[in-house]
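Structure first, commentary second.
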Amino acid sequence: MSTEWLEVRAGADAYLQIQERGLQQEDINLLLGASGGPKWFILQGLDNYLCSDFFAGRQTPLQLLGTSAGAWRFASLGRQDAAAASDLFCRLYQAQTYSAKPDPQEITDNARELLDTYVTDDAVDEILNQSLFQHHFIVARCQGWAASESPKRQAMGLSRAAFGNLFSRSALKSAFQRVLFHHPDAAPALGEHWDDLPTLRVPLSKENFRQALLATGSIPMVLQGVKDIPGAPPGMYRDGGITDYHFDLDLSRQSGLVLYPHFHNQVVPGWFDKKLRWRRTTGQQWPNVILLTPTQAFLDALPYGKIPDRTDFVKMDVAERQKYWRQAVQIGYRMSEQLAEWQATDQLRRKIKLWE
């Protein structure tokens, strides 16, 4: 029996639909991309397969909803050569280097340089002048001390938000407002059904695209926030993963199916929920979602038996880290190759599992 590198789980509605007609790209109306820093490296192969093969010939608009690294990954879609853009982002991210003890200014400058190389003015024009791949970025607009660039005040603001979040995710509204930047030709994903937290909708434009993309990846205490994004209310904007780390939205209201390539077998709603084991999103909450995740065999095949993460910058020297990240990307292609095989041989119907 060949090793399975990929696990495919689906909520009840998606599971039944795939049993009836297989996984058809035209049935997917929303693609999700989660926060998680360099964890996304193992998904590079899946990203390449989706943008080069699976969605080739797409005729109807596909909504893309991402936060932080997920939104940055999706910035390759809607461009003339999406696969080349995705590969460029992967290489640029792998090549990042910092001083021994980088401060937020250094890390932010590095992120801006990467962004300017990856998403040029021409790239922004390409994305905004087409409507087949409709981008949506989630960014957190900060209030009170969470908006401060003073490390002590910002830490205090984050601590207060984390404490309130212990009792209810709705407590995040005291410190953060979700801002959904969306393609100018697209109605915001999920329509008006953003009622878990205060949510503001802002159309993407040439003036705010890069700033919104930078903001959704501006990790608190690590990068500087992005202030006063054009077209949005004045204020300090930070990582969209604060409110929507792996998402906890009511996706049952989304028409069609939702495809979610994810690096973890658990879905953690928000940034402050990472250690709250009782707060996880399940297939019962997302009946129309198809979740693609690595198997334990895949994780065991990775160097060090783990997927990349931000601590690699500290725990490894540059050469070791970059080699490890390249290997993680290469091994990640095992998942995409397996998905492509299952699609070509119509095996997905029996490989897919009901996500409960």
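The values are calculated or read from the model by the stated rules, or taken from the named source; none is laboratory data. As the structure is a prediction and not an experimental result, all values here were calculated from the model. Reconstructed Cβ throughout: ideal geometry from the backbone, glycine too, with neighbour counts over all protein chains shown. These accessible areas exclude ligands, DNA and RNA; they are computed on the full protein's heavy atoms, side chains included. Shrake-Rupley method; radii C 1.70, N 1.55, O 1.52, S 1.80 Å.
Test Ala215 against the criterion of being aliphatic (A, V, I, L, M), part of a helix (DSSP H, G or I), within 19 Å of Phe247 (Cβ to Cβ) and touching a strand residue (DSSP E or B) at 6+ places or on another chain (Cβ under 6 Å), and give yes or no. Criteria met by Ala215. Could you grab the pairs with beta carbons closer than 6 Å, sequence gap of 6+ or different chains, first residue in the range 31-54 and over 20 Å from Leu223 (Cα atoms), second one assigned to a strand (DSSP E or B) and open to solvent by less than 10 Å² (accessible area, probe 1.4 Å)? Between residues of the range 31-54 that are over 20 Å from Leu223 (Cα atoms) and residues that are assigned to a strand (DSSP E or B) and open to solvent by less than 10 Å² (accessible area, probe 1.4 Å), the close pairs are Leu31/Leu64; Leu31/Leu259; Leu32/Leu65; Leu32/Tyr260; Gly33/Gly66; Leu43/Pro261; Leu46/Pro261.
Of all the listed residues (Ala232, Ala215), the sole one being within 28 Å of Ser99 (Cβ to Cβ), touching a residue at least 40 places away in the same chain (Cβ under 8 Å) and open to solvent by less than 50 Å² (accessible area, probe 1.4 Å) is Ala215. Report yes if some residue within the range 244-260 is touching a helix residue (DSSP H, G or I) at 6+ places or on another chain (Cβ under 6 Å), buried (at least 21 other Cβ atoms within 10 Å of the Cβ) and under 20 Å from Phe176 (Cβ atoms); otherwise report no. Looking through the range 244-260, at least one residue is touching a helix residue (DSSP H, G or I) at 6+ places or on another chain (Cβ under 6 Å), buried (at least 21 other Cβ atoms within 10 Å of the Cβ) and under 20 Å from Phe176 (Cβ atoms). Look through the range 218-229, keep the residues that are open to solvent by 10 Å² or more (accessible area, probe 1.4 Å) and part of a loop (DSSP other than H, G, I, E, B), and return whichever of them is farthest from Trp40 (Cα to Cα). Filtering the range 218-229 for residues that are open to solvent by 10 Å² or more (accessible area, probe 1.4 Å) and part of a loop (DSSP other than H, G, I, E, B), the one farthest from Trp40 (Cα to Cα) comes out as Asp228. Restricting to the range 53-82, name every residue that is of a type outside the set (Lys, Arg), closer than 17 Å to Ala34 by Cα and part of a helix (DSSP H, G or I). Correct list: Ala69, Gly70, Ala71, Trp72, Phe74. Residues in the range 1-42 that are of a type in the set (A, V, I, L, M, F, W, C), over 19 Å from the mean Cα position of the chain (by Cα) and open to solvent by less than 40 Å² (accessible area, probe 1.4 Å): 3 in all. Here Gln130 clears all of (1) of a type in the set (S, T, N, Q); (2) within 23 Å of Arg279 (Cα to Cα); (3) in contact (Cβ under 8 Å) with a residue 24 or more places away in the chain except the condition numbered (2).
Would you please name the residue that is farthest from Phe55 (Cα to Cα), looking only at residues in the range 273-296 that are of a type outside the set (D, E, K, R) and open to solvent by 40 Å² or more (accessible area, probe 1.4 Å)? The selected residue is Trp278. Check off (1) closer than 30 Å to Thr60 by Cα; (2) open to solvent by 30 Å² or more (accessible area, probe 1.4 Å); (3) part of a helix (DSSP H, G or I) for Leu115 and give me the number that stays unchecked. Failing condition for Leu115: (2).
Considering each of Leu46, Leu50 in turn, give the residue that is modelled with pLDDT under 95, in contact with a strand residue (DSSP E or B) (Cβ under 9 Å, 6 or more places away or on another chain), open to solvent by less than 30 Å² (accessible area, probe 1.4 Å) and in a helix (DSSP H, G or I).
Leu50
Take the conditions within 14 Å of the chain's Cα centre (by Cα), over 15 Å from Leu291 (Cα atoms) and open to solvent by less than 10 Å² (accessible area, probe 1.4 Å) and apply them to Gln63. Does it pass? No, not satisfied. In the set Ala186, Ala155, Ala162, which member is open to solvent by 30 Å² or more (accessible area, probe 1.4 Å), out of contact with any helix residue (DSSP H, G or I) (no Cβ under 7 Å at 6 or more places or on another chain) and of a type in the set (Gly, Ala, Ser)? Answer to the selection: Ala155.
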